[in-house]
Each structure stands twice: as C-alpha cells, then as structure tokens.
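**Student:** A single structure is presented below for examination.
The values are calculated or read from the model by the stated rules, or taken from the named source; none is laboratory data. Model, not experiment: these values are computed from the prediction. Backbone-built Cβ (ideal geometry, glycine too); neighbour counts: all protein chains shown.
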Amino acid sequence: MNLSAAYGLLAHALVFGALAALLPLGPLRPRAALAATASALLVGIAPFMLAIFGPPSLTLLLLALLQLANRTPSPLSYRPALCLLAFAIPFLLTALGWGAVDPHALGYRPAPLVAALLPLGLVLWWKRLDTWLLILALDLLAYAGGVFANLWDALLDPLLILLAATVVARQWIVRIMAARRR
C-alpha cells in the first residue's frame, strides 16, 4: 500500500467519524464518532469512499479532525463556506473543460499558485484567522512532503465543496424559515 492509498483510507475513516460526530447523541457523541471511524475501516466504508471520491484534501481532513476534537464553532462557517464556493465553482467548471485554461494543471508546477496564495495567507494572518492559516500551511507542507502530486488536491476536493454547499444551503434555509415566521 502506497502513501496516497494509506492516507486516503485513514482520512476517509476520520471524515466518516466526523460526520457521526454531528449526530445529536449527547454524551455518547465522542464514542459514536470513534465507533464510526473504526467501523468505516473495518466494514469497508472508507475504501468505498476512497474508490468513489479519491483521497480527500488535507483541508477536509483537518476540518474533520477539528470536528472530532469537539471544536466549536467550526471554522467552516457560513462566510468561509461561501468564499470557498465562490472560488471552487468557477475553478471546477474550468477544470472540467468549460474554458481555454485548465487551472488544475497549475497545481503540478505550483510556483504561481503559491505566489497567489501568499496574499491569502497575509489576509488570514491580518484577520487573526489562525485556524485557517494553519490549515493552509499544513496543506502546503503536505504537498511539499509528497503526499499529494497536485497542490489543488491538497487544498480542495469534491467532498469539501459539497460540505461548503451544505453549510451555505443550511444558512439560507434558516434565513427563509425565520423570514416566514415574521
């Protein structure tokens, strides 16, 4: 088993455990999350998720670890999720061929991409968003360490985008329901 496959299996197991940690189980929540993480490996959920989605981004894994560590509120709140979607949707469309430029190819030679991430890192530092700055730094370290062949794979993945879309949709539904009650 190579490094990418081992990472993918363990990361998907932790992501599945973080999903279980969202269930309203009260004091049993940490145990349910641990059981879900172990069963994802033993029952075959993690290999299935790896086969369908590929290895998750390190960003998603770190968000899952924060959820498992019972960090509230989640760093993926409405505004960061909306920013992620505002970037990810055009990125995915152009990566799928809706345009003349393939931004995913930039991730294999990421010098311009790292240069573009420098202002983002400075903004995160300026606004004291230390959790997001740490996630970005660990993403860059994982790419530099050879865990990912493409820097974009360390930063984004379809499950992370789906999670961000869920966070945004949930907030919109809450606002619509609140407006109807008035």
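**Student:** Going through segment 80-108 one residue at a time, which ones are more than 17 Å from Ser57 (Cβ to Cβ) and at pLDDT 90 or above? Quick ask: steps written out before the conclusion?
**Tutor:** At the first step, the residues of segment 80-108 found to be more than 17 Å from Ser57 (Cβ to Cβ) are 82, 86, 90, 93-94, 96-102, 105.
Leu82, Ala86, listed by residue number.
**Student:** Being within 14 Å of Leu162 (Cβ to Cβ) and either under 8 Å from the mean Cα position of the chain (by Cα) or of a type in the set (Ser, Thr, Tyr) (or both) is the filter here; which residues of segment 52-63 pass it? It would help to see each step written out before you state the result.
**Tutor:** Going through segment 52-63, the residues within 14 Å of Leu162 (Cβ to Cβ) turn out to be 52-54, 56-57, 59-60, 63.
Listed by number, the residues that qualify are Pro56, Ser57, Thr59, Leu60, Leu63.
**Student:** What helices (runs of 4 or more DSSP H) lie completely within segment 40-158 and have 3 or more residues being surrounded by 12 or more Cβ atoms within 10 Å (Cβ to Cβ) and not assigned by TED's automatic domain parsing to the domain that holds Leu25?
**Tutor:** Working: elements: 45-53, 58-68, 78-95, 111-126, 130-144, 151-155.
Where helices (runs of 4 or more DSSP H) fall fully within segment 40-158 and carry at least 3 residues being surrounded by 12 or more Cβ atoms within 10 Å (Cβ to Cβ) and not assigned by TED's automatic domain parsing to the domain that holds Leu25, they are 58-68, 78-95, 111-126, 130-144, 151-155.
**Student:** Are any residues in segment 97-133 of a type outside the set (A, V, I, L, M), under 29 Å from Leu66 (Cα atoms) and without any contact (Cβ under 8 Å) to a residue 12 or more places away in the chain, and if so, which ones?
**Tutor:** Within segment 97-133, Pro119, Trp125, Trp126, Lys127, Arg128, Asp130 meet the criteria.
**Student:** Please enumerate the residues belonging to segment 48-84 that are aromatic (Phe, Trp, Tyr) and either within 20 Å of Asp153 (Cα to Cα) or free of Cβ contacts under 8 Å to residues at least 40 places away in the same chain (or both).
**Tutor:** Phe48, Phe53
**Student:** Now a separate question. Tell me which residues, restricted to segment 88-119, are touching a His at 6+ places or on another chain (Cβ under 7 Å) and more than 16 Å from Phe148 (Cβ to Cβ).
**Tutor:** Listed by number, the list is empty, since nothing qualifies.
**Student:** Still on this structure, please answer the following. If Leu66 satisfies every condition in (1) farther than 21 Å from Leu138 by Cα; (2) in contact with a Pro (Cβ under 8 Å, 6 or more places away or on another chain) but one, which is the exception?
**Tutor:** The one condition Leu66 does not meet is (1).
**Student:** Follow-up question, since we're still on this one. Between residues in segment 171-182 that are closer than 18 Å to Ser77 by Cβ and residues that are surrounded by 10 or more Cβ atoms within 10 Å (Cβ to Cβ), which pairs lie under 6 Å by C-beta distance while being six or more apart or on different chains?
**Tutor:** As it stands, the answer is Gln171/Tyr78, since those pairs meet every condition given.
**Student:** Report yes if Ala178 is part of a helix (DSSP H, G or I), under 14 Å from the mean Cα position of the chain (by Cα) and among the small types (Gly, Ala, Ser), otherwise no.
**Tutor:** For Ala178, the condition - part of a helix (DSSP H, G or I), under 14 Å from the mean Cα position of the chain (by Cα) and among the small types (Gly, Ala, Ser) - is not met.
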